[in-house]
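Below is one structure, written out as structure tokens; the observations come after it.
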Amino acid sequence: MSKALPNAGPSKRRTPASQPRRRFLNLGLCALGLAAVFGATQIQPAQARVDSNIYSTPKSLSEFKLQQASGAAFGLENLKGKWSLIVLGYTHCPDVCPFTLQNLAAVEEELSLRVSPARKPQVVFIGVDPDRDHKIIGEYVKYFSDDFLGATGEWSEISKAVETLGGFVRYEGKDKDPEGYKVFHSANIAIIDPQGRRVGSVNPPLQPAEAADFIAALIAKSAREAAAKN
């Protein structure tokens with residue numbers, strides 16, 4: 001079970017042994033602090049809604065070749081046969097990335113109550129800052145959920161993934177500060193169907209139960225449409 005946002009149920013906290021405790025403590029504090037700020041407008045069910053963009057026609061994805069922390073390849077084939085939620089980010093992100101992953105961990109728990117394990121989407125975090133991401137991305141994502149996947153790679157392949165997912169990435173100050181530079185990137189969460197197509201996206205912050213209802217309904221609708229064609 002992942003560490004949950006306020007009002008999202010019980011939680012568990014972990015600290016990767018090979019990373020300084022302070023760094024991962026700060027991740028937790030950032031996530032909880034931002035949850036409190038954003039949650040003010042999301043906590044009442046009557047006010048909750050899902051900021052989404054669902055396409056009338058799914059968009060095919062181009063091939064890209066990244067690597068998981070284990071060294072295993074990660075590309076388009078890993079997105080086929082299952083639903084996926086993909087978020088772009090970087091491990092040194094001070095606020096948006098940890099909040100989004102914490103938010104998704106809560107959504108993931110709610111989805112477990114609504115869809116079968118076979119239909120539950122995998123959550124994938126693509127690290128767009130390979131120089132700083134590649135050594136710690138595996139531990140970084142597991143801090144939020146044991147089920148999350150992290151992948152990064154050469155910039156040439158990351159840029160392919162970013163483009164086909166409809167995102168953007170921009171570095172600022174890397175030439176002046178190779179350790180403390182900033183990375184600006186799209187923050188929406190891409191929704192990928194079992195055919196490896198981009199069917200739309202949702203934008204954080206997400207009210208966990210509301211978002212889970214929305215995604216579960218999308219999965220069910222897709223299943224009905226597929227059955228109708230057979």
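The numbers here are math on the coordinates, done by the rules we state, and not lab data. Computed from a predicted structure; not experimentally measured. As a convention, Cβ positions derive from the backbone with ideal geometry for all residues, glycine included, and neighbour counts pool all protein chains shown.
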*Once a ≥ b ≥ c are taken as the square roots of the eigenvalues of the Cα gyration tensor of region 126-230, is the result rounded (a/c under 1.5), prolate (a/b larger than b/c) or oblate (a/b not larger than b/c)?*
prolate
*Just subtract the alpha-carbon distance of Ala118 and Asp131 from 0.36 nm times their residue separation and send over the number in nm, one decimal.*
1.2 nm
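Return the FRET efficiency for the residue pair Ala220, Ala73: r is the Cβ-Cβ distance, R0 is 30 Å, and the value is rounded to the nearest 0.05. Before the final figure, lay out each step's value.
Working: r = 31 Å, r/R0 = 1.04.
My answer for the efficiency is 0.45.
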*Looking at the square roots a ≥ b ≥ c of the eigenvalues of the Cα gyration tensor of region 21-229, which shape do they give, rounded for a/c under 1.5, prolate if a/b is larger than b/c, or oblate?*
oblate
_Among the listed pairs Lys65/Lys229; Lys59/Lys120; Lys59/Lys82, which have their C-alpha atoms separated by more than 27 angstrom in this model?_
Lys65/Lys229
*Of the options Gly127, Gln102, Gln195, report the single residue whose Cα projects farthest towards the positive end of the charge dipole of region 21-229 (beta-carbon charges: Lys, Arg +1; Asp, Glu -1).*
Gln195
*Taking the Cα-to-Cβ direction at Asn53 and at Asn230 and moving 7 Å from each Cα, how far apart do the two end points lie in nm?*
3.3
*Could you order peptides 144-155, 95-106 by the average number of other Cβ atoms within 10 Å of their residues, highest first?*
95-106, 144-155
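Relative to the present Cα-Cα distance, how much length would full extension add between Ser60 and Lys174 at 0.36 nm per residue of separation? Kindly include the intermediate steps, with their values, before the conclusion.
Working: separation 114, 0.36 × 114 = 41.04 nm, distance 3.28 nm.
Going from the current span to full extension adds 37.8 nm.
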*By count of other Cβ within 10 Å, fewest leading, how are Lys142, Lys59 ordered?*
Lys59, Lys142
*asked:* I need the shape label for region 124-185. Rule: rounded when a/c is under 1.5, else prolate if a/b > b/c, else oblate, with a, b, c from the alpha carbon gyration tensor.
replied: oblate
*For the peptides 109-117, 217-225, 172-180, what is the packing order when you average, over each peptide's residues, the other Cβ atoms within 10 Å and list the highest mean first?*
109-117, 217-225, 172-180
_Sequence-distant aspartates and glutamates (8 or more away, or on other chains) whose Cα lies within less than 16 Å of Lys135_ = Glu154, Glu179
